Amino acid sequence: MAGNDLELRRSARLIRIKELSACASEPDLILMLKREINAHVHHRREERALEDRVAGKKVRPVEEEAEPAGTGKKRKKVVKRKVPQGLIDTMILNPHNPWNGYREEELGKCPKKFREFYAKEKALADKVLEYEHALIKQFRTKGYAEDYTEVTDNDDEN
């Protein structure tokens, strides 16, 4: 039964990837994946801060993007940067898979807290892998890859 669940999750993820890549342009897909990764990481930080507060540890508050007083709407623009060839080569040769070699069948023997941790970390790893695959696909199609980032008018560009 656990094997069927795993196959269903994988097939659902593959269907989602195919739908996204079919309906969205490359910049939209890359930006959407980056937003999902950032949201996941931000949510994880908030959960850890909450756990630390419950445990009685002193915790710095999670930094929120505060809008300065007196400013109106922030204008967003998309910045396009070429991904270095070395980074593309690294993504192709070493795909992001921090749980490589870990058998999901063994999760039943693990404590519930670890299973929850594993599910969250695996979801993040899958998002990062999708992002890398989008860049690799773009590289194989065009011969180069472009990374897109949303910046607001008050962000410092490097």
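Observations
- Packing here is the average count of other Cβ atoms within 10 Å per residue, and on that basis the peptides 142-148, 47-53, highest first, run 142-148, 47-53.
- Across every direction, the projection of the convex hull enclosing the Cα atoms of region 78-158 has a mean area of 7.7 nm².
Values quoted throughout were computed directly from the atomic coordinates according to the rules given, and no laboratory measurement underlies them. Given the structure is predicted, the values throughout are model-derived calculations rather than measurements. FYI the Cβ positions are ideal-geometry reconstructions off the backbone, even for glycines, and counts take in every protein chain you see.
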